[in-house]
1. Give me the pairs, please: first residue somewhere in the range 411-425 and over 17 Å from I106 (Cβ atoms) and modelled with pLDDT under 95, second residue anywhere and open to solvent by 70 Å² or more (accessible area, probe 1.4 Å) and among the acidic types (D, E), beta-carbon distance under 7 Å, and either six or more positions apart or on two chains.
2. List every residue pair whose Cβ atoms sit under 7 Å apart, with the two residues 6 or more apart in sequence or on different chains, where the first one lies in the range 5-26 and is farther than 17 Å from F383 by Cα and the second, anywhere, is open to solvent by 30 Å² or more (accessible area, probe 1.4 Å) and not hydrophobic (A, V, I, L, M, F, W, C).
3. Here are the criteria: (1) under 30 Å from G19 (Cβ atoms); (2) touching a helix residue (DSSP H, G or I) at 6+ places or on another chain (Cβ under 9 Å); (3) of a type outside the set (D, E, K, R). Tell me which single one F419 does not satisfy.
4. Residue check, Y166 against (1) open to solvent by 40 Å² or more (accessible area, probe 1.4 Å); (2) at pLDDT 80 or above; (3) on the phi < 0 side of the Ramachandran plot, all met but one. Which one?
5. Name the pairs whose Cβ atoms lie under 9 Å apart, with the first residue in the range 562-574 and polar (S, T, N, Q), the second in a helix (DSSP H, G or I) and open to solvent by 100 Å² or more (accessible area, probe 1.4 Å), and 6 or more positions between them or separate chains?
6. Which residue out of I91, I85 is open to solvent by 30 Å² or more (accessible area, probe 1.4 Å) and outside any helix (DSSP H, G or I)?
7. Which residues, counting only those in the range 521-555, are at pLDDT 90 or above, within 32 Å of the chain's Cα centre (by Cα) and either of a type in the set (S, T, Y) or outside any helix (DSSP H, G or I) (or both)?
8. Would the range 474-495 turn up any residue that is part of a helix (DSSP H, G or I) and closer than 16 Å to V37 by Cβ?
Amino acid sequence: MKHITSNYLNYTLSIVLGGIWAFLPVISSNFSDLDGVIPILLTSIVCASLLICLLCRKGFKNTKLRMNIVDICFALYICYGIFRIGTSGAIFNPIIVCEWFGLVIIYAIVRSFEPQFLNILYSSLLLGGTMQAIIGVLQYVNLLEPNNLIFTTTGSFSNPGHYGGYLVLSVIVSFFIWKEKKYSVTKGNIFFPCFLFIQAFALLLSNSRAAWLAVIIPLGILLVNNCFNRSFYRHWYIKLSVFILISGIITSLYFYKKASADVRLLTWRSSLLMITDGPIFGHGIGSFAANYMPYQARYLDKHPGGNDALIADNNMIAFNEFIHVACEQGIVGLFLFISLLIYAFINKKNTIHGLVARVGLTGLFVFALFSYPASIFPIKVCFPVFIGILGKDRKPLIEFVLKKRVAILLIGIIGIGIFFNVKSYKMYHNAYNSLRNSDYIDDKLDNYFYMRHCKDFLYRLSEQYLKHDRLEASMQAKELLLNIAPTSSLLCDLGMIYLYKRKLDSARDCFLYAKKMTPNHMSPVYGLWLVNKAKGDREECTRLSTEILSMPVRVVNNVVLKARKEAREYMQKQ
């Protein structure tokens with residue numbers, strides 16, 4: 001009877017967690033408002049409730065628990081993260097706490113699974129990937145509308161890069177399972193390779209180079225491991241040919257979208273300045289968006305001209321998770337993070353579920369070298385799942401009995417976490433409802449000070465104030481936004497408000513700083529031209545008019561056309 005109860009609980013946990021893994025992208029696409037926090041909070045609350053059920057069963061029966069080196073590394077990394085959240089100067093973001101809480105809960109649940117229940121998780125990833133592939137193909141043939149009209153194929157995501165990242169995990173895990181289990185027609189699994197083909201086709205449609213590399217490299221490693229065991233493939237010229245082939249693929253992918261690749265290189269070089277300013281402990285978790293553009297301005301100021309000045313754009317993403325970790329958590333955080341990965345990968349015990357997780361994690365971190373999976377919650381969830389599975393294969397270092405009072409304490413801590421998630425949801429819900437219901441019109445900005453960490457909310461609020469001619473309130477909201485997400489566009493918006501209020505020196509400072517961030521953008525130069533025109537400085541206006549007319553830009557938009565027209569008319573009058 002006890003065995004039946006245990007199996008029932010494990011089946012329930014694996015099915016619910018697998019369902020979250022498979023359907024989280026779809027759920028996220030249906031809750032795009034509230035800055036996308038609903039999927040994070042919902043996942044954390046559901047998983048925390050499941051873990052409480054698990055603790056109630058095990059904690060009151062003096063169950064023996066085992067901790068290994070992976071568990072210890074994971075705990076150290078999480079503890080360091082909590083320490084940095086509490087001690088850094090970054091503005092406190094409750095959603096980061098909720099997200100980390102949910103990821104820790106997922107890791108604990110996966111570690112509690114018996115190996116036979118892990119197949120449900122992998123099947124869920126196959127299901128989720130197949131659903132996303134079908135959605136993407138239907139978008140490609142115009143039977144469904146993509147979530148972002150700029151692109152033809154996005155699946156349930158807002159960007160084809162996110163879409164490709166999710167498909168990466170499904171494709172390589174599905175391929176490895178198919179390869180190891182050798183599914184046959186007689187077993188009724190003829191559809192398995194069909195699912196894999198649809199996913200691979202959708203992956204091509206995503207047009208994501210990072211996703212393609214994240215599939216090619218893990219599958220290439222599998223191929224090399226199989227082939228190089230044979231004597232023919234051990235010759236040096238065969239290995240050299242493989243190396244040349246891989247190098248050629250990487251080079252081709254670079255030139256496939258060279259401008260995009262160059263932007264990433266600029267981002268990494270600018271991020272190195274951020275790392276050198278806070279090398280040990282970093283600048284604080286969640287601080288990258290607040291710090292990057294000022295550091296890009298510094299880098300471009302040190303390296304004026306050239307291609308970097310032409311391609312520079314507004315950006316708040318590192319395009320490399322290891323650089324991202326180093327910027328926010330310093331060398332200490334990066335060391336703990338890499339140590340966790342190393343201990344998770346290195347294992348003499350090669351179980352099937354462990355090998356599948358290792359291949360999946362390889363794909364995830366190849367993708368992380370060129371993209372930003374930590375900012376995409378449906379992909380980020382895969383990290384504790386794979387790490388938890390790999391942790392099951394390590395020998396225990398610490399064994400202890402989970403006593404009743406410890407279980408009650410853990411349940412209490414998890415209960416506090418659930419309460420914090422619910423409280424955060426209500427905070428976001430009330431704030432965004434005020435935007436929908438126009439309550440903000442009569443409210444003071446101080447009423448929304450608790451949302452000062454949320455870029456999306458502050459931007460929407462500032463624009464709504466602007467529409468209702470509340471310039472002072474809009475300016476204050478944009479100044480708050482400047483603390484957490486400074487961009488040249490935001491500085492230009494502020495500069496225009498200062499210009500309207502005849503604060504010409506403040507407007508000039510905003511436009512000058514915006515020009516340092518993005519030298520190729522027309523708006524800062526046009527703003528400076530308007531400031532000097534208001535001051536009556538003819539000499540500077542003439543110089544700026546010449547610059548506007550000769551300035552190379554990446555995109556000719558309405559601002560560019562307007563600026564050139566007014567500059568040309570000004571020059572004709574002189």
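1. Between residues of the range 411-425 that are over 17 Å from I106 (Cβ atoms) and modelled with pLDDT under 95 and residues that are open to solvent by 70 Å² or more (accessible area, probe 1.4 Å) and among the acidic types (D, E), there is no close pair.
2. Pairs that qualify, where the first residue is farther than 17 Å from F383 by Cα and the partner is open to solvent by 30 Å² or more (accessible area, probe 1.4 Å) and not hydrophobic (A, V, I, L, M, F, W, C), are L9/R57; N10/E114.
3. It is condition (2) that F419 fails.
4. It fails just one condition, (1).
5. Matching pairs, first to second residue: Q574/R538.
6. The unique qualifying residue is I91.
7. Hits for the range 521-555 are H521, S523.
8. Our first condition is that a residue be part of a helix (DSSP H, G or I); within the range 474-495, this holds for 474-484, 488-495.
Still in the list and also closer than 16 Å to V37 by Cβ: 484.
Looking for residues that are part of a helix (DSSP H, G or I) and closer than 16 Å to V37 by Cβ, one finds at least one in the range 474-495, hence yes.
The values are calculated or read from the model by the stated rules, or taken from the named source; none is laboratory data. These numbers come from a predicted model, not from an experiment. With ideal geometry, Cβ positions are generated from the backbone for all residues, glycine too; neighbour counts draw on all protein chains shown. Calculation scope for accessible area: heavy atoms of the full protein, side chains included, ligands and nucleic acids excluded. Shrake-Rupley method; radii C 1.70, N 1.55, O 1.52, S 1.80 Å.
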